[in-house]
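Just below is one structure, and these are the notes that go with it.
The values are calculated or read from the model by the stated rules, or taken from the named source; none is laboratory data. Note that the structure is predicted; figures quoted are calculated from it, not measured. Cβ sites come from the backbone with ideal geometry, for glycine too, and all protein chains shown count toward neighbours.
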């Protein structure tokens, strides 16, 4: 039985938080396959991850196929967003740098998601979400600035993150990634809200999106076969952050709004920064730790259950 009320929302946020922790490993994992293009990495990770989700959800997908066909437009929108997201996300990191690409992509998603919910569903911006989003996005911006300054100091201002054109293109692709992330989160949540189980929804949306990515992988994926290490990176990306991560994300979307889920997923930037320090050996300035603290604060705002009204207050309201 699915948890309800504040407790259900807390569990949903925790599922999304766990998924975000897995997603935060992708940038570090990709550094172990430098010869593989960002298009190939994105197509392999989300493509195979999506097909695996469809494979384990075949039975509920078949059982709810009439409902899924009845919502074909939402399914198609979500699947297209799933296919575009990894291509834009990994290309953004490649052009603008890991720090800037990740922060723009993940940091813009909560705002895009809230706007989509406002325009399509007419849902207001809640005070709790607004506080959490302001804290989280502010922290993400500080992380971006801190890591950008660190990169400039380490490699020289002339080199930094490449040419001005590459940086601008990377930021634009990051905004596209944030929009597509918001769109497939909204589409999946809307389908789940109609009564279709999260497994059937995620299997269908991500399965169709994974099929769309197969031609891209066929055209760009040859370097995965060049070495066992490249192949291991591809397998890890598909199985752990994409497959397991999006199973957890689906459970979360069944319990919280898409705008809340995309805001909680800002934790990905903190995990990515921590792994850069521990695994890659990067050093983060104090500004980055302040940004991480703000994001952590936003997670507390969004994941802790709201206080329940006292019995005395409820009695007074009932009079």
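Quick notes on this one:
- Test: residue in the stretch 215-234 that is within 16 Å of residue 53 (Cα to Cα) and touching a residue at least 60 places away in the same chain (Cβ under 8 Å): no
Residues are listed down the side, and each one gets a yes or a no for (1) modelled with pLDDT under 90; (2) surrounded by fewer than 22 Cβ atoms within 10 Å (Cβ to Cβ):
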{"residue": "171", "(1), (2)": "yes, yes"}
{"residue": "178", "(1), (2)": "yes, no"}
{"residue": "181", "(1), (2)": "no, no"}
{"residue": "192", "(1), (2)": "no, yes"}
{"residue": "197", "(1), (2)": "no, yes"}
{"residue": "204", "(1), (2)": "no, no"}
{"residue": "210", "(1), (2)": "no, no"}
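- Residue match in the stretch 13-24 (condition: within 17 Å of residue 217 (Cβ to Cβ), within 16 Å of the chain's Cα centre (by Cα) and buried (at least 18 other Cβ atoms within 10 Å of the Cβ)): no
- The single residue among 195, 174, 234 that is assigned to a loop (DSSP other than H, G, I, E, B) and more than 18 Å from residue 56 (Cα to Cα) turns out to be 195.
- Check on residue 295, in contact (Cβ under 8 Å) with a residue 24 or more places away in the chain and either surrounded by fewer than 17 Cβ atoms within 10 Å (Cβ to Cβ) or not in a helix (DSSP H, G or I) (or both): no
- Yes/no for residue 278 being in a helix (DSSP H, G or I) and closer than 22 Å to residue 211 by Cβ: no
- Test: residue in the stretch 69-76 that is outside any helix (DSSP H, G or I), touching a residue at least 24 places away in the same chain (Cβ under 8 Å) and under 23 Å from residue 116 (Cα atoms): yes
- Residues that are in a helix (DSSP H, G or I), at pLDDT 85 or above and buried (at least 21 other Cβ atoms within 10 Å of the Cβ) within the stretch 27-50 comprise 38, 40, 41, 42, 43, 44, 45, 46, 47, 48, 49, 50, listed in sequence order.
- Filtered residues of the stretch 220-250 (kept if over 27 Å from residue 200 (Cβ atoms) and surrounded by fewer than 20 Cβ atoms within 10 Å (Cβ to Cβ)): 220, 222, 223, 225, 226, 227, 228, 229, 231, 232
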